[in-house]
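Peer 1: Provided herewith is a single structure, encoded as C-alpha cells, for subsequent inquiry.
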Amino acid sequence: MAGVDSGTSAARPNPFARNWFVTGIWLLLAGYLVYSVNALGLSWERISTGMGFAGNLLDKMFPPNFSRWELLLGGLIESLEIAVIASFFGILVSLFLGLFAARNMMSGWVSSPVRALIALCRTFHPVIIAILFVKSVGFGALAGILTLVVASIGFIAKLFAEAIEEISLKQVEAIRATGASFVSVVLFAVMPQVFSRFLGFATYQLDSNLRNSTMVGIVGAGGLGGTLFSAFQRFDYDFVAAILIVIIALIMFGEFLSNLVRRIFK
Amino acid sequence: MSSAQAFLEIKGLQKEYVSGNPILKGIDITITEPGIIAIIGPSGTGKSTLLRCINRLIEPTAGQIIFEQADLCDARGGELRKLRRHVGMVFQEYNLVERLSVIENVLTGRLGYMSAWRAWRRNFSQQDINTAFELLDAVGLSEHATQRADSLSGGQRQRVGIARAVMQDPRILLADEPTSSLDPKTAVEIMELLERFAQEKNIPALVNIHDVNLARRFAKRMIGMAGGKVVYDGSPEGISDEHLKLIYGGESWLA
C-alpha cells in the first residue's frame, strides 16, 4: 500500500509536464503574426494617417442627406423584394436538398452527390456568385435573386441535413411500421422532430439575405447596393450616410420580423 | 378465419447481421389461435429481431413469413406497405412522435391507408377520427387527446402506442418488451390492454417479455428462445424449471 507520505515509491511521470511540440506550434503561430504585421507595413504612423482620413470622411457624411429619398426608397424596396423572393425559393429548394443530403434517410448514392452540390453552393462568397450571375443573366434584380438563392442553399440545406441526421430513428421506425409511405414517414416522423429548428434556420437565412441583398447591388445585381456604390463614386458622402442609416433600419426590421416569427411558432 | 388457415406462419427464418454469424438460426412458428403468445428468452437471443423481421423493419436473410396469403419476406414497395399496415407494433420505448399531439399519434395508425397529401392536410375520414377517440376512451386518455405526446408519463405513452397499433386495424399485434420500461402495476395494466384488444379483434398478439411470471399470467402459449432457436413452444403450464434453465442458463435466479 502506497501511503500518502511514503518516500520510497518510484517517481511517477508528471502528467502536467510541458509538451514541447504544442509549445512549438504556439511559438510558430506568434512568429507568423509578427511577420504578417511587418510584411503588410502596418505601423503606428500608417494607422494614425488612416484615422485622419476617416475623420475627414465622417465630417463630409454629416448631416445625412435624404433629399433624394425617392431613389433611396426605390433601392430599398428592390432590396427587400430580392431578399424575400430569394429566401422563399432558397428555403423551398433547401428543404428538399436537405432531406436528400441526410445520410440517415437516403442511401449514399443519393446523399453524396447532393452533399457535393450543397458544398459547391457554399464554396464561393456571394460577391463572386453575384458577379458570375451578372455576367450570365445580365444586370438587375434577377442576378441578385439567383445569387441569394444559391447562397441560401449552400448554408441552410446543410443545416437542414444535419438537423435531420440528429433525429430519433425510433419515431421513424414506429411510423414505418404502420405501413406509411416514405413521404408520410417524412411528414409525420421527420418533420415534427426538426420543424422548430428549421424555422430557426429559415428566419436566420431571411435575416442574412436581407443583409446580403444590400450588397449584391454593388456588383450590379440590383437593390440598394447599386445606389450606395454610385453615391460613393460621386463622393456624395452625405447621401452615403443616408443610405447606411436606411440599411441599418432594414436590418433591424428583419431582426424584428424573425423575432416575431419565432414567438408565433414557439 | 378457419382453423386450417394460420394467422402467421414462420418457416426456417434466418437472420445474420454479420455474414456467417446468424442471430436467428431457423425459426419455425405457426400461429393459428388468437390471444397473447409470449416469447421469452435472454437478452440478445433475437427476440426483437424476430418481431422486426415479421414487419420487415429488419430484412430477414432467409426463410418465409406467410401472412395474409403472401410471403412477407418477398414483398416490396407498395405490397409490403399494404401488408405492414395489418401488423400493429408496440415498442419498448413507446416510440411516439413526441412533438405531435396524442390524437395525431393515434391517427398515424391510418397512414398506411391514405395518401401522404391527405395525411399532410390532416384530412382523416370522420370514421377514423371517431375510431381514434373511441380508442383513446378505451385506454383512458380521452382528456389528453390534444396534449403533446411528450407530456405524458411512460404508462400513458404506452397506452397511446397500443391505441396507435390497434388503429391500424391489425390482423396481428407485435409487442417488443412493451412493459420493460414500466413499473410492475402499470406493466400488468398494459398486458391487460393487449389481452383485451387481442380478444376484441380476435387476433394474436406476439409479446416479447422478460418477466416470466407476467408471461405465465397472460399468455395462452409460450415460446422460449435461446441461442437463436425456439427451445420451448407450448402451454404456460407446461414450462418447467428445467425449461427455464435451458432458456436462460444457470439456476441461481430461480428462487
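Read the figures in this text as sums done on the coordinates, not as results from a lab. Keep in mind that this is a model prediction, so the values were computed, not measured. Note: ideal-geometry Cβ built from the backbone for every residue, glycine included; neighbour counts use all protein chains shown.
Peer 1: So if I place +1 on the C-beta of Lys and Arg and -1 on the C-beta of Asp and Glu, and nothing else carries charge, what would the dipole magnitude of the stretch A:69-264 be about its Cα centre? I want it in debye, nearest 20.
Peer 2: Here the stretch A:69-264 has a charge dipole of around 600 debye.
Peer 1: From Cα pairs below 8 angstrom and at least 6 apart in sequence, can you work out the relative contact order of the stretch B:95-190, rounded to a whole percent?
Peer 2: That works out to 38 percent.
Peer 1: Also: When a/c reaches 1.5 or more, the comparison of a/b and b/c decides; with that in mind, is chain A rounded, prolate or oblate per its Cα gyration tensor?
Peer 2: oblate
Peer 1: For A:VAL34 and A:VAL84 in one chain, what is 0.36 nm times their gap in residues minus the Cα-Cα distance, to one decimal in nm?
Peer 2: Length gained, A:VAL34 through A:VAL84: 13.5 nm.
Peer 1: In addition: How much length is gained if the chain between A:PHE256 and A:LEU169 is pulled fully straight, taking 0.36 nm per residue apart and subtracting their Cα-Cα distance, in nm to one decimal?
Peer 2: Separation in residues times 0.36 nm, less the Cα-Cα distance, equals 27.8 nm.
Peer 1: What list of ³J(HN,Hα) values in whole Hz, one per residue of the stretch A:189-196 in order, does the Karplus curve 6.51 cos²θ - 1.76 cosθ + 1.60 (θ = phi - 60°) give from phi, with Gly and Pro shown as x?
Peer 2: 10, 8, 4, x, 6, 10, 4, 5
Peer 1: Considering the Cα trace of chain B, what is its radius of gyration and what is Dmax, both in angstroms?
Peer 2: Both quantities, over Cα of chain B: 18.2, 57 Å.
Peer 1: State whether the stretch B:110-196 is rounded, prolate or oblate according to the following rule on the C-alpha gyration tensor (a ≥ b ≥ c being the square roots of its eigenvalues): a/c under 1.5 gives rounded; otherwise a/b larger than b/c gives prolate, and the remaining case gives oblate.
Peer 2: prolate
Peer 1: In percent, how large is the relative contact order of chain A, given Cα pairs closer than 8 Å and 6 or more residues apart?
Peer 2: 26 percent
Peer 1: Have a look at B:ALA149, B:ALA119, B:ALA187 and tell me which one the Gaussian network model of chain B (Cα, springs below 10 Å) gives the largest fluctuation.
Peer 2: Top of the fluctuation ranking is B:ALA119.
Peer 1: Output needed: percent of Cα pairs per 10 Å distance bin for the stretch A:141-252, bins running from 0 to the one holding the longest distance.
Peer 2: Bins of 10 Å from zero give 13, 30, 23, 16, 12, 6, 1 percent of pairs.
Peer 1: In terms of the Cα gyration tensor, with a ≥ b ≥ c the square roots of its eigenvalues, is the protein assembly as shown rounded because a/c is under 1.5, prolate because a/b exceeds b/c, or oblate?
Peer 2: prolate
Peer 1: Moving on to the next point. For B:ARG216 and B:SER153, calculate 0.36 nm times their separation in residues minus their Cα-Cα distance, and state this gained length in nm to one decimal.
Peer 2: 20.0 nm
Peer 1: Can you give me the Cα centroid spacing of the stretch B:128-174 and the stretch A:37-116 in angstrom?
Peer 2: So the two Cα centres are separated by 50 Å.
Peer 1: Please compare each pair in B:LYS15/B:LYS82; B:LYS11/B:LYS82; B:LYS185/B:LYS245; A:LYS158/B:LYS47; B:LYS25/B:LYS201 to a cut-off of 30 Å on the Cα-Cα distance and tell me which ones are over it.
Peer 2: Violating the 30 Å limit, Cα to Cα: A:LYS158/B:LYS47; B:LYS25/B:LYS201.
Peer 1: Continuing with the same structure: Once both labels are modelled 7 Å past Cα along the beta-carbon direction, what's the B:GLU192-B:GLU33 spacing in nm?
Peer 2: Here the answer is 2.3 nm between the modelled labels.
Peer 1: Pick from A:TYR32, A:TYR237, A:TYR204: which is most flexible by mean-square fluctuation in a GNM of chain A where alpha carbon atoms under 10 Å apart are linked?
Peer 2: Largest GNM mean-square fluctuation: A:TYR32.
Peer 1: Step through the residues of the stretch B:160-167 one at a time and calculate ³J(HN,Hα) from phi using the Karplus curve (6.51 cos²θ - 1.76 cosθ + 1.60, θ = phi - 60°), rounding each to whole Hz and writing x for Gly and Pro.
Peer 2: 5, x, 5, 4, 4, 5, 5, 4
Peer 1: What ³J(HN,Hα) values, in whole Hz, does the Karplus curve 6.51 cos²θ - 1.76 cosθ + 1.60 give for the stretch A:251-258 when θ = phi - 60°, with x put for Gly and Pro?
Peer 2: Per-residue couplings from phi come out as 5, 5, 4, x, 4, 4, 4, 5 Hz.
Peer 1: A further question on this structure: Select from A:ALA177, A:ALA86, A:ALA143 the residue whose mean-square fluctuation is largest in a Gaussian network model of chain A (Cα-Cα springs shorter than 10 Å).
Peer 2: With Cα springs under 10 Å in chain A, the top fluctuation among A:ALA177, A:ALA86, A:ALA143 is at A:ALA177.
Peer 1: Do the sum for chain A: with -39,500 (n - 2.57) for every DSSP H run of n ≥ 4, divided by all residues, what is the mean residue ellipticity at 222 nm, to the nearest 500 deg cm²/dmol?
Peer 2: Rounded to the nearest 500, the figure is -24000 deg cm²/dmol.
Peer 1: By counting other Cβ atoms within 10 Å of each Cβ, how are A:LEU97, A:LEU132, B:LEU111 ranked from fewest to most?
Peer 2: Listed from fewest to most nearby Cβ atoms, that is A:LEU132, A:LEU97, B:LEU111.
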